[in-house]
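Encoded as structure tokens, the structure appears first; notes follow it.
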Amino acid sequence: MSEGIPLFPLSFEVNGRAVELEIEPQESLAEVLRNRLNLTGTKVSCEVQVCGACTVLVDGLPVSACTFLAYEARNKKVLTIEGLAAPDGTLHPLQQAFVDESAFQCGFCTPGMILAARALLEERPLPTEEEIRASMDGNICRCTGYLPIVHAIQKAAQALRSRS
Amino acid sequence: MSEKKREFYVVNHSVPRGDGVAKVTGQAKYASDVVLPGMAYAKLLRSPYAHARILSIKVGEAEAQPGVFAVLTGDRLEGLNPYYGHAVKDHPVLAMGKVRYVGEPVVAVVAVDERTAFQALDHITVQYEEMPAVLSVEQALAKGAPILHERTFAAGGFRGFEADVSAGRGTNICQEAHVTWGDADKAFAEAAAVVEGEYYYPMAYAYAMEPYVCVAEVNESGVTCYSSCQHPFIVRHDVAGVFNLPVSKVRLVVPFVGGGYGSKSYTKIEPLTAACAWKARRPVKLQLSVEEAVLTTRSDDALVRERTAVDAQGKLLARQATIYLNTGAYAENSPLVCEKAANRAAGPYRIPNARIDCYGVYTNTAPASSFRGFGSAQVTLAAESQIDEIAEKIGQDPLAFRLANVAERGEVFFPKSRPLDGDLKSDLKKVADLLGWDKPLPKGKGRAVGCTASDAGAYPVTSAAVRVHGDGSVSVLTGSTELGQGSHTIVAQIAAEEIGVPFEKVRVVGSDTAITPFDRSTGASRTTTLMGRAVLEACQDAVSQMRAMAADVLRCPVEEVTLMRGGVQRGADRLDWSQVLARYFGLPDGEVLGRAYLRKAGDLSQLPVFWELGCLGVQVSVDEETGRVHLEKLAVVGDVGLAINPALAEGQDLGAATMGMGIGLYEELIYDGEQLVNNSLLDYRVPRFSDLPEELHLALTENQDGVGPYGAKGGGEGSLNPISSALVNALYRATGVRLRRVPLLPERVWRALRDARHGRESCPAPTKQDAKSRREAG
Amino acid sequence: MMPLRRFRIHQPGTIAEAAEMLAHFGESGRLYAGGTELLLAMKHDVLRFEHLVDVKTVPGLAGIEANGGWLRIGGVATHRSIEISPVVRQRLPLFAEMEAKVANGRVRATGTLAGNLCFAEPHSDPATLLLALEARVRVEGRSGPRTLTIQELIPGAYQTSLASDEILTAVEIPLPKNGQRASYLKFQVHERPTLGLALVMETQDRGQAIATARVAVGCVCPFPRRSRQAESLLVGDRPQVERNLSQAAEVLADEADLIDDLEGGADYKRHLISVFLKRAFACAFPGR
């Protein structure tokens, strides 16, 4: 249904794999990930860049995939929740800590929450509780009351530190 | 049901959730992730008017757009029964003849993708004739007010209570409920002290992060819907009614659900999505945005006029309340909210006299329905505020006053009901200890406690099936939906406990009405109690069958076969279940089907199924310059009988308290005239990381006093109900200023503090914003 | 889901080409940088454009540098790049701190400072602080370059004085001299601030006297405002200035065209200005 609007060739990397697609310019990264690449771990909720459910990392930085045009991902590296565990399926320490701490209930915010936490830990490997609250304040969880998420991030930070 | 606390293997342990890995890896599938081959997408054109006659709808140009498969309107539903509703059949699949609120769906376009459907909406012309609207309870009840629903209605099959349908009888009253005992008038006349006031609890939005979504398919085998719903069996009933099909021909499948909190209980967009699929002759997905979801369901806001009396000894003597709930344009589940609000208005106290009158009123606003707490949060703002007010009036400490008046364990404090099956008195003491009740506080800080008891569990009809497979693994078939509350984890724990297998060997097969046995609903905190018990009984049924099989293969009377964990023994012979089944069937994968049906009988014959208790304490600090109130300390005690999974039980308590705090401090949907103005997360402020209290205490009371498995009772709503009043009471203790409405927005608090300084009445003066929403308050 | 309507994206190689494109598309085209405001408005159908001209494809607009007494921030520099820029952190730390608190990390990673100014959303943090810092913007269109102050750039809510073919190529902020004391505070309930207040003072005598002062408020009014009269009350000996703060706040509020909206009534905002001017002043002189 492109009504004569030319398709845009998009080549980028998703979870370590090169992807080449033809997209329409107005397609959001969330649409492309979910509808074209079947990576439905990226959830769409508020659609106004408030909740963070659709957070994915583009060249390591968190973006709202619901509003970020897929066009902007050209020649960049995108990490979604599906790409976080090791190739053999071993969970990333953040994923493991979220399981261990029951840091989710419905799980709809969880992929975005974990990726936002991953961006935080890349920048500050051992964040204080204050820093966690401040940095994660742009991700909403409606179920947990946040405390178990703070605990999970602290636990993952420790695990990552002892691993390296 | 309750038995002495025994040694548990799996139950009463915080085992990691069964859905954990799926949810942290992005593999968990939600209804929004469902894609069917050949699936099309629907988009909705919504009403711009609050109340208007539909004169004409022109859709030809939209139908002609490339990629459009079908356009559905209210007058294109021939062959279907266009009205549904589990309580009152007042809800059309699409607006029929007139619209009743801004945002009501009028036309659905089905197209190859969402964008094409959305852009095709531009090509539809609807002509309306505007009608006068009622936007508040006050307007709706005024003499000569325009009437939303002119027809009378039959009661739906799942109303959940006895009272007559009020809707459609010439007024805008959708439902009324009246509760009386003793002689309230006489008691007030003889009281030693009385407090009275008017309280307003706001209209709120549950913000389940996954907005309503449904994928429907209609073909010769019937209707299949994949939906983000809480109550698939009731939705099945409604969809079967719309399509005139037997329930066996309607299948509701509920994958993981991205949050519910009551907002996904009962039928939402399933009939419309199925109608789109029927019209377009292909599977259709309808996924709403958050902004549309708010227009689908919000909570009832409530105006409560209440008074409370005590005698000369400081004992509660009487309570009287009149409650007006703003039900919005359609009944949804508001009739039950009305009933529950009336039941819960007096609070968990020993009160000899009470009169409660509650009215759910139609207005030309978005439909209201269930919301976590179910009327309790609305009425508790008034009820628990007045406990502090009357305690102060007679010079008593609010905690001491509560301890002197709260219902005792085993006491019948609400007529013709189950005696109190929890220990609120000790819970209150526990909370006070955790909070440091007697420690001095600096100026600008205040503490408060609060407690509630809700008649919970809904109507006790639930069934479950448990299959013990030939290799000793277990499948649990449950019609309870996994909303995040952890129901699938706890039923797996119960099955593992009862069959005697490791937790990892249990698979839970979730809600699919074609496969899983009937369960009335997943709400009213009933799943642990009722589904948990049904699963336990189904396991016992399976075990008893397997014991008989063991006797058969061991060629002895059943009495000689004794049960051990995971199998049986007779003398020196020990057989685990896989050995019993292999020998009985002579094949590797023979299996046993255990089943249980619960109904309102035996120890479930008395309602409520259980009293869900809420008990918490807060400490707030107030920035008197800006009016900002901050929750710095929170203590919650969950009186849950026995926590099947303590981590999950505490998680529910914190989650519910946080959600309640959101409404206490920030959340309020605002109507400016006919228009809902803050239905986006940009303007509707839900709790964030930065709102997390600096100090948090979560504790459980486990007296095994419930009718659920091992004496368990439900949780998950309790700590939401008393938090708004606790915040209000704590603010009062911090500043001497009492607000009788929430949220305690900084501006509202600042105005109240300013007015108090100027010696004015401490009720907040209406601001322009207040004026807008107060119109709704009546 | 709220899908975006179909549009085309154009990739100019130079400012001149971008200006030509914008002129050519007229009302059906719009300059596009981070898109954080624009795409939201388009999703909500408040704005419709068939053509977006992606200014990020013009090379050389992302730089951040300090030169000749000015901090120069390129037209496509993101909030994030400003927040972490060593130059900004060293030479104008207040600006980096303000940037670090704009919206959330996702918005900062994609949204640009110039885009924020050009959208002229009334609840912008940067515009208020830039106004008090007396920043200027460089603009280029088919008729050549020009320089505007923040007041000139933003005459109203969601309005700029840019011609439809003009592109904001850089924001330039005068670097503080020794003795500058400044603070930016905001008060926030919802996603966007209720109030932003910036106070910038040149002091003498080791902070004992204030030689010049600039104060700006935003969010409480349709676009950020300064008040010369209020600023004149903020000059002199520090104790005297401190006594004048309430009066200065009143004057500032009088001139600010305060609005009633979901964030609060005008009288509340007037009160907040007074509270936050005092807090900003205290903040500018820490450790007293």
- line: Counting only residues in region A:131-164 that are over 26 Å from C:MET98 (Cα atoms) and of a type in the set (D, E, K, R), the one nearest to the chain's Cα centre (by Cα) is identified as A:ARG142
statement: Of the listed residues (C:ALA66, C:ALA114), the one being farther than 30 Å from B:ALA117 by Cα, touching a residue at least 40 places away in the same chain (Cβ under 8 Å), away from every other protein chain (no Cβ under 13 Å) and in contact with a Lys or Arg (Cβ under 6 Å, 6 or more places away or on another chain) is C:ALA66
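Which of the residues spanning region B:664-702 are of a type in the set (D, E, K, R) and touching a Ser or Thr at 6+ places or on another chain (Cβ under 7 Å)? Step through it out loud before you land on a result.
Kept after step one, since they are of a type in the set (D, E, K, R), are these residues of region B:664-702: B:667-668, B:672, B:674, B:683, B:685, B:688, B:691, B:694-695, B:702.
Passing the criteria: only B:GLU668.
Determine, yes or no, whether B:GLY662 is farther than 25 Å from B:ALA345 by Cα, within 10 Å of chain A (Cβ to nearest Cβ), of a type outside the set (D, E, K, R) and not in a loop (DSSP other than H, G, I, E, B). Give the derivation first.
Values: farther than 25 Å from B:ALA345 by Cα: no; within 10 Å of chain A (Cβ to nearest Cβ): yes; of a type outside the set (D, E, K, R): yes; not in a loop (DSSP other than H, G, I, E, B): yes.
Considered against the rule, which asks whether it is farther than 25 Å from B:ALA345 by Cα, within 10 Å of chain A (Cβ to nearest Cβ), of a type outside the set (D, E, K, R) and not in a loop (DSSP other than H, G, I, E, B), B:GLY662 comes out as no.
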message: Here is a list: B:VAL34, B:VAL99, B:VAL88. Which entry is under 30 Å from B:SER680 (Cα atoms) and at pLDDT below 95?
response: B:VAL88
- line: When every residue in region A:113-162 that is out of contact with any helix residue (DSSP H, G or I) (no Cβ under 7 Å at 6 or more places or on another chain) and of a type in the set (Ser, Thr, Tyr) is compared, the one nearest to the other protein chains (Cβ to nearest Cβ) is A:THR128
- prompt: Among the listed residues B:PRO766, B:PRO687, which satisfies the condition of being assigned to a loop (DSSP other than H, G, I, E, B) and modelled with pLDDT under 95?
  reply: B:PRO766
Residue in region A:13-40 that is nearest to the other protein chains (Cβ to nearest Cβ), counting only those that are surrounded by fewer than 22 Cβ atoms within 10 Å (Cβ to Cβ) and assigned to a strand (DSSP E or B): A:ILE23
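Residues that are under 9 Å from the mean Cα position of the chain (by Cα) and away from chain B (no Cβ under 14 Å): find the strands (runs of 3 or more DSSP E) completely inside region A:41-86 holding 2 or more of those. Steps first, please.
Values: elements: A:55-58, A:61-64, A:77-79.
Result: A:61-64.
Return yes when C:ARG238 is basic (Lys, Arg) and either surrounded by 21 or more Cβ atoms within 10 Å (Cβ to Cβ) or more than 13 Å from chain B (Cβ to nearest Cβ) (or both) and no when it is not. Talk me through it step by step, then tell me what you get.
On the way: basic (Lys, Arg): yes; either surrounded by 21 or more Cβ atoms within 10 Å (Cβ to Cβ) or more than 13 Å from chain B (Cβ to nearest Cβ) (or both): yes.
Yes, satisfied.
For (1) among the hydrophobic types (A, V, I, L, M, F, W, C); (2) assigned to a helix (DSSP H, G or I); (3) within 21 Å of B:GLU747 (Cα to Cα), each residue gets a yes or a no:
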{"position": "C:LYS177", "(1), (2), (3)": "no, no, no"}
{"position": "C:HIS190", "(1), (2), (3)": "no, no, yes"}
{"position": "C:ILE210", "(1), (2), (3)": "yes, no, no"}
{"position": "C:ARG270", "(1), (2), (3)": "no, yes, yes"}
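Yes/no matrix, rows are residues, columns are (1) in contact (Cβ under 8 Å) with a residue 40 or more places away in the chain; (2) of a type in the set (Ser, Thr, Tyr):
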residue	(1), (2)
B:ALA514	yes, no
B:SER525	yes, yes
B:VAL543	yes, no
B:CYS556	no, no
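Suppose we filter B:ALA643, B:ALA657 for residues that are within 14 Å of chain A (Cβ to nearest Cβ), touching a strand residue (DSSP E or B) at 6+ places or on another chain (Cβ under 9 Å) and assigned to a loop (DSSP other than H, G, I, E, B); which single one remains?
Numbers: B:ALA657 fails: assigned to a loop (DSSP other than H, G, I, E, B).
The unique qualifying residue is B:ALA643.
The values are calculated or read from the model by the stated rules, or taken from the named source; none is laboratory data. Note that the structure is a prediction, hence the values are computed from the model and not measured. So basically every Cβ, Gly included, is an ideal-geometry build from the backbone, and we count neighbours across all protein chains shown.
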